[in-house]
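Below you'll find the structure, written out as structure tokens, and then a few comments.
The values are calculated or read from the model by the stated rules, or taken from the named source; none is laboratory data. Just so it is clear, the model here is predicted, and its values are computed rather than measured. Every residue, glycine among them, receives a Cβ derived from its backbone with ideal geometry; neighbour counts consider all protein chains shown.
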């Protein structure tokens, strides 16, 4: 499959700039495998499409305020996105960072509070940086960093306090993501409680969303593309509940593409429980071992996330559903509406 195949026409005004007033008020396009058409609903109606015995699997990663404004010793500005910690010791932490600007190895970097040193370039705008701080990096980011909203969400004055709350799932627990697992942004504690009351079980896993999720595909042939790794952990209890659900005929319903990547990456190792680095690029032709249904968003053209959804439901079916969503004026991308493939 060629990258150009993963394209569709989207009017720019359908790119959501704000979330729905209430999380569950987002629209829900339902794509049932046994039905050639689409159905239109709201996320609040999700219990109507799930059934007792299903297992809903959530990604409980927590977005960290990882975007930083910085300066070189010359005064030139840099924009830095801390991606993941690489090492810690001697009172300093070393992180992988995406950098907009032109630092040099060995050069100091100055933040509004704190400093660091560029260690070595890693390619494609990525650097290894040593942070020289008097507090742990995650604690420092809470006061020094910005919410790493995607570039298509325009905030000329910077992210707001509301963004910090809404660009986070209500069940976020484990800090480490630099982008939200956005399908989960639609869920509330009340909706999850309703699902459990109706016999749907819920289980967590963790995949720290990083460049593997949001960097574009840069090869014309999909099979030539390599995903950036993302750390994941599938608890043993979650693996047990997946096995139990499937043995009794229940479906494994993944909330978001990051949950799919964690589950399918773990299954590819031969042991569903446990952790590691998700490097699996899921594209058309992939045989799904774990996931039976998917709650997801509407994704960017030519993106790894769209390739995954195309693999799950078939590109022609997905493209037709996206065209339907455009006709019905659904809202797209991170703060947009949702789609259920069941």
Legend entry - Filter pass, residue 183 being under 25 Å from residue 10 (Cβ atoms) and either in a strand (DSSP E or B) or touching a helix residue (DSSP H, G or I) at 6+ places or on another chain (Cβ under 7 Å) (or both): no
Legend entry - Check on residue 173, in contact with a strand residue (DSSP E or B) (Cβ under 7 Å, 6 or more places away or on another chain), surrounded by fewer than 15 Cβ atoms within 10 Å (Cβ to Cβ) and touching a residue at least 40 places away in the same chain (Cβ under 8 Å): yes
Legend entry - Verdict on residue 177 being within 30 Å of residue 219 (Cα to Cα) and in the same structural domain as residue 254 (by TED's automatic domain parsing): yes
Inset, instruction - May I ask you to list pairs of residues, at least six apart or on different chains, whose Cβ atoms are under 6 Å apart, with the first in the range 266-294 being not assigned by TED's automatic domain parsing to the domain that holds residue 174 and surrounded by 13 or more Cβ atoms within 10 Å (Cβ to Cβ) and the second being in a loop (DSSP other than H, G, I, E, B) and at pLDDT below 95? - result: none
Legend entry - Selection count, the range 26-59, where residues are over 27 Å from residue 213 (Cα atoms) and at pLDDT below 95: 4
Legend entry - The listed residue being surrounded by 15 or more Cβ atoms within 10 Å (Cβ to Cβ) and at pLDDT 95 or above, out of 97, 105: 97
Inset, instruction - Would you be able to tell me the number of residues in the range 1-58 that are under 30 Å from residue 243 (Cβ atoms), part of a loop (DSSP other than H, G, I, E, B) and in contact (Cβ under 8 Å) with a residue 12 or more places away in the chain? - result: 8
